[in-house]
1. Any idea how many residues of region 52-66 are in a helix (DSSP H, G or I), open to solvent by 60 Å² or more (accessible area, probe 1.4 Å) and either touching a strand residue (DSSP E or B) at 6+ places or on another chain (Cβ under 8 Å) or hydrophobic (A, V, I, L, M, F, W, C) (or both)?
2. Picking from V210, V151, which residue would you name as being of a type in the set (V, I, T) and at pLDDT 95 or above?
3. Does S69 satisfy being open to solvent by less than 30 Å² (accessible area, probe 1.4 Å) and touching a residue at least 12 places away in the same chain (Cβ under 8 Å)?
4. Considering only helices (runs of 4 or more DSSP H) fully contained in region 306-395, which possess at least 3 residues that are closer than 27 Å to G409 by Cβ and of a type in the set (A, V, I, L, M)?
5. Confirm whether S40 is within 28 Å of the chain's Cα centre (by Cα), closer than 22 Å to A254 by Cα and assigned to a helix (DSSP H, G or I).
6. Using the structure shown, decide if I322 is surrounded by 15 or more Cβ atoms within 10 Å (Cβ to Cβ), hydrophobic (A, V, I, L, M, F, W, C) and in contact (Cβ under 8 Å) with a residue 24 or more places away in the chain.
7. Among S358, S363, S375, which is the only one that is within 23 Å of F288 (Cβ to Cβ), within 26 Å of the chain's Cα centre (by Cα), crowded, with 18+ Cβ neighbours inside 10 Å and of a type in the set (S, T, N, Q)?
8. For region 438-454, give me each residue that is β-branched (V, I, T) and open to solvent by 30 Å² or more (accessible area, probe 1.4 Å).
Amino acid sequence: MESKYKVTDIPEESSFYDLVAGDNVMEIPLFQRPYSWKNSHYTTMLDDVSVVLEDPTSAIFLGVIVTYSRGASQGRPPTWMVVDGQQRVSTLYLSVLAHVLVAAENGELDWAADIIGRYLLVRPMSGLAHNTKLVPSFNDRRQFSEIWDRVSKVKNLSSHQMYAHNPPRPPSPSGDEEGMMKSQFGNMVKDARREFKGGGIETFSERVDVIATKLSMVSISLREPTVAPKIFERLNYGAEPITVADLVRNEIFARVGNDLDAAQSLFGGKWEPFISRFSDKNTDFNRFLFPYGLIHNSSIRRNDLFMTIRGIWDKLGGPAAIIENLEKFQEPYVCLSSGSNLEKATKSINLRIHRLHSLNRPSSVYPFLMRLLASYTAGQLSESKVLETLDVVESFLVRRAICGIEPTGLHAVFKGLWDEIFATPNDPKDSEINAATIREKVMSRSTISWPSDAMVKDAILNGPLYRRKIRQFAIREYELSLDAECPGDISDIEHIAPQKKPDDWTDVPKDEYEAVLHTWGNLAPISPGMNKKVSAGTFDQKRKEYKNSKFPSVRELSNVEKWTIDEIKRRSEKVSEWAVARWAY
């Protein structure tokens, strides 16, 4: 690229022509996102082209292209996988191709054939399945093939000597027949026809020269694709990020090689069904990968996640085996994240999974619980041991939440807990795990608190449960203990004594009132409809409505003559006795 068109002094600043020089091929990873640029994006690029045409001293910077090399071999060109910049690279390629089509339509066959050979196709090579310098993603290849068919059908072009010597062979068609790539190419052709009509081949040629050689990009070639997310984050603030999930998908299908039939079979038969199970709004493939990585290596760090996963997969075999290993832990993750049922589990186990989901469990417990449920599904652990384990984890989490202890530090506890408990982690035995063992391992860390009965009671009597995330789960469990048929959802929680001290509480000091205001004893689950009726009422007015509540503890309040601080404390005391038994130490 000529230095006058550069905006930096670094040698890596390139034009489109530099990227595809010689026989370089720019390949979009097989199952990367499809082409998505709209006509507004292309129009913006054409405005940049116009700036350079009007003022040849202008320099236009299009952004950054991030690639990594797949190498070259005898009879095969150097291939660069585009991990960031596919929209720009694809748009430049398609724009040049649109100009080729329009020039050929107007009889400029020599010019069209020369541009094809210079920018769009690699030289003839024996055994080369395709020869286009752009290889789109799986979803775009059918559109890309049809675009080239459209060019080849221009009268007399296919019989031109240069064209016939090296006819285009795009990758095998795959994906939808219609999409943004074909739509955008149509817009490019319309624009190119207007330009040709207005200025002829000379102006036309100048325009293509700008598109191909005078728009600047910084090309970054990675030694390892593992750093792509971090580079993308720094260079593309606010853009849709490249995630570890994107790299994982690309890595799996890169291991298929160039066998498109095998890739399509793997994609439709295993990958799509696997990914579709993350469809619940609370589940996410990208978030699944960190606990999955911790299951295989408890010392893994987020920055090393992809590199570690690749090393794990080297021992598993081919792409199908990799997806099967992911699937082993997928259902437990989805169940914990969404509250859905584990297919092969009993009603009792699924009830506990649902409770763990409802109490806003921290993600730090996932590696341990995913492994527990996967081992149960595989028949390695009995129902009784899984129930005991789920109960003790729930008790630990609820006690801490009631006491207002943040989940800080739990990641260090649970990421390696499985390996600490079982002598052979991949072959766990019932005899190795019980509540006492789990508590012992957790409490061996001096920084981790497992609240005692006294601490939990004090938190319920004096702590602001209303301001804690556990409030709806804890209150719902209490209601269920009073009436198993109690409605499951609690949308509103009311302060029985209101947040603004009533006028008839004049004998109660403000600080004493505020000390009990947000405690459990002063909180009641309430339906939205009843909330509207009673929110501004006196306790006498509330009592009459409480009698008809669907919640048992609220119906009990209708028998209380007067609501006082002593009543609040008595109610908190009663709940605290229940809580320490319900979530046993």
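The values are calculated or read from the model by the stated rules, or taken from the named source; none is laboratory data. Here the structure is a predicted model, which is why all the values come from computation and not from measurement. Heads up, the Cβs are rebuilt from the backbone with ideal geometry, glycines too, and the neighbour counts pull from every protein chain shown. With ligands, DNA and RNA removed, areas are computed over all heavy atoms of the protein, side chains included. Shrake-Rupley method; radii C 1.70, N 1.55, O 1.52, S 1.80 Å.
1. Keep residues of region 52-66 that are in a helix (DSSP H, G or I), which gives 52-54.
Next, only the ones that are open to solvent by 60 Å² or more (accessible area, probe 1.4 Å) stay: 53-54.
With either touching a strand residue (DSSP E or B) at 6+ places or on another chain (Cβ under 8 Å) or hydrophobic (A, V, I, L, M, F, W, C) (or both) added as a condition, the list becomes 53.
Here the count works out to 1.
2. Numbers: V210 fails: at pLDDT 95 or above.
Within the list V210, V151, the selection yields V151.
3. Values: open to solvent by less than 30 Å² (accessible area, probe 1.4 Å): no; touching a residue at least 12 places away in the same chain (Cβ under 8 Å): yes.
Here the answer is no, as S69 does not meet what is asked.
4. Values: elements: 319-338, 347-358, 366-377.
Passing ranges, in order: 366-377.
5. Numbers: within 28 Å of the chain's Cα centre (by Cα): yes; closer than 22 Å to A254 by Cα: no; assigned to a helix (DSSP H, G or I): yes.
For S40, the condition - within 28 Å of the chain's Cα centre (by Cα), closer than 22 Å to A254 by Cα and assigned to a helix (DSSP H, G or I) - is not met.
6. Details: surrounded by 15 or more Cβ atoms within 10 Å (Cβ to Cβ): yes; hydrophobic (A, V, I, L, M, F, W, C): yes; in contact (Cβ under 8 Å) with a residue 24 or more places away in the chain: yes.
Against the criterion (surrounded by 15 or more Cβ atoms within 10 Å (Cβ to Cβ), hydrophobic (A, V, I, L, M, F, W, C) and in contact (Cβ under 8 Å) with a residue 24 or more places away in the chain), I322 qualifies.
7. On the way: S358 fails: crowded, with 18+ Cβ neighbours inside 10 Å; S363 fails: crowded, with 18+ Cβ neighbours inside 10 Å.
Going through S358, S363, S375 in turn, just one is within 23 Å of F288 (Cβ to Cβ), within 26 Å of the chain's Cα centre (by Cα), crowded, with 18+ Cβ neighbours inside 10 Å and of a type in the set (S, T, N, Q): S375.
8. First, pick out the residues of region 438-454 that are β-branched (V, I, T): 438, 442, 447-448.
Within region 438-454, T447 is the sole residue that qualifies.
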